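Quick notes on the structure that follows.
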């Protein structure tokens, strides 16, 4: 019984890392200027970014693009829109990848690369900090 | 040696497939090469056994360090409709086997056809057991534990798809293959899974089932270890089915899971095999009572009860809570597993199950408490401790087990 108590104490000690932090950012969802969609439901946006849907509401193909994994804007988008932490997102995609069910969205290095990528592909959908938006892309609303 | 040569060839093909397209920047995003490895140390204390006088004695098992998983996977999208998937399993970094090798045609969301060796869609875990770093717990639920599988993990043809339904998605799969050890009378085994996901995958309920659709046999010969399927090696024939239901909730960091499975075997024992098992495997009184027409009589083929019908039941509850710390993600979890198989024996060498086969009545429960710590999303450290509980030699016996596992996900 002492051994069992010691094991429980060890498990509890490992679990005793407490403190948290979450980022907040004003994220703009962007598409190509020719994209006919002016808005997306939050459910559709989430489905597209979780690989569960590959079309916009008008039927055109949707190609999600992600910022780099360590980017704070990406973390904010995933937390606010997809309701998942970076670890949870990694676990989500790892499960899909390990079962052959899918692969995560393409990644670009930073906001300028994201703007260039989305401005060059009528099917692309991405996101940047709202202050980085330029006239080369169209901002759509999430309802 | 032949296995190693074929493994080397398979790895070489994987490498070529992965690197050749990478030379073409446009195609690079269509190829993904990745995998994971895990290292484990485990220890069991006070495991009960019988001495020569028939009294219960307890002994600690040797501490084991293993490399239970080293999987390399490749996913290649030929175009929007066709893709291939390869999963090489290099357990203990000694032998490499092909865990998965399939191609899939994606007609639309309603109809996808997958041909090749693929994990069957069956409950919450079968398809993701090669993703140990991502789920709570270290060990598979009992229905997919290596020495007492209810069913083989892979199948050879699968049709699947989904339809929107209400706020969620109804997903189906249907699969078939050659049966467990080999079919008789050209029977067509069938497996299915039907699940409803809603809340963007945060909630899930489903049912899975399988029928051998006729007599089948074990996939291992007697004396060659535990089967990789649900058919015991001393059966001359086994016509069986499995049915079960499961549910999962993910919300606000909580993850709760529950599942129940029932397998029913219409089986016929092979008398010669049963005699061999009794003479070599060390069966207990309850098992002897099942195997022989007269348990006090001679161990002969004529005294073997060939009627081997039996049922297996298993269920589990799992729960975890994920939260972030400055050092990474922490997920404490608890699990309770129950398993009952009255037909099995303890000796793995002779096709048995060291847990259910140890118990007087084939039943055991396992309570587990553990914690996952992920300092980064690619690295998971898990510490968990289990208490095994079963009837042994007429009294309730408990023995503890502890496991520590470190795993790393690599590639993309």
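No lab work stands behind these numbers, since they all come straight from the coordinates. Computed from a predicted structure; not experimentally measured. FYI the Cβ positions are ideal-geometry reconstructions off the backbone, even for glycines, and counts take in every protein chain you see.
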**Item:** Fraction of beta bridges assigned by DSSP in the range A:25-142 that are antiparallel (%, nearest 5)
**Value:** 55
**Fill in**
In nm², the average projected area of the convex hull spanned by the Cα atoms of the protein assembly as shown is 27.0
**Fill in**
Tilt, helix B:271-281 to longest principal axis of chain B (alpha-carbon atoms), in degrees rounded to tens, equals 90
**Request:** From the P(r) of the range B:255-380, can you give the percent of Cα pairs sitting at distances over 25 Å?
**Result:** 43
**Fill in**
Expressed in µm² per second, the diffusion coefficient of the range B:24-162 from the Stokes-Einstein equation, with Rh the Kirkwood radius over alpha carbon pairs, at 37 °C and 0.692 mPa s, is 183
**Request:** Express in whole angstrom the spacing between the alpha-carbon centres of the range B:32-93 and the range A:82-128.
**Result:** 31
**Item:** Separation of the residue B:108 and residue B:236 label points, Cα + 7 Å toward Cβ, nm
**Value:** 5.2
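As a check on your grasp of the helix formula, calculate [θ] at 222 nm for chain B: sum -39500 (n - 2.57) over DSSP H runs of n ≥ 4, divide by the residue count, round to the nearest 500. Don't skip to the end; give the middle numbers.
Values: 3 runs with 39 residues, N = 412.
Helices in chain B give a 222 nm mean residue ellipticity of -3000 deg cm²/dmol.
Taking the alpha carbon gyration tensor of the range A:25-142, what are the square roots of 5 times its eigenvalues, largest first, to the nearest whole Å?
Working: eigenvalues 88, 55, 33 Å².
For the range A:25-142, the ellipsoid semi-axes come out as 21, 17, 13 Å.
As a test, work out the antiparallel percent of DSSP beta bridges whose residues both lie in the protein assembly as shown, rounded to the nearest 5. Let's see the in-between values first.
Details: 176 of 183 bridges.
The answer is about 95 percent antiparallel.
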**Asked** What is the helix-to-structure angle for B:2-22, meaning the angle in degrees between its Cα long axis and the longest Cα principal axis of chain B, kept from 0 to 90 and rounded to the nearest 10?
**Response** 20
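Please report Rg over Rh for chain B, where both radii come from the alpha carbon positions and Rh follows the Kirkwood definition. Provide the component values of the computation, followed by the final result.
Working: Rg = 22.5 Å, Rh = 23.0 Å.
Here Rg/Rh amounts to 0.98.
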**Message:** At R0 = 41 Å, how high is the FRET efficiency between residue A:131 and residue B:203 if r is their beta carbon distance? Nearest 0.05 is fine.
**Reply:** 0.65
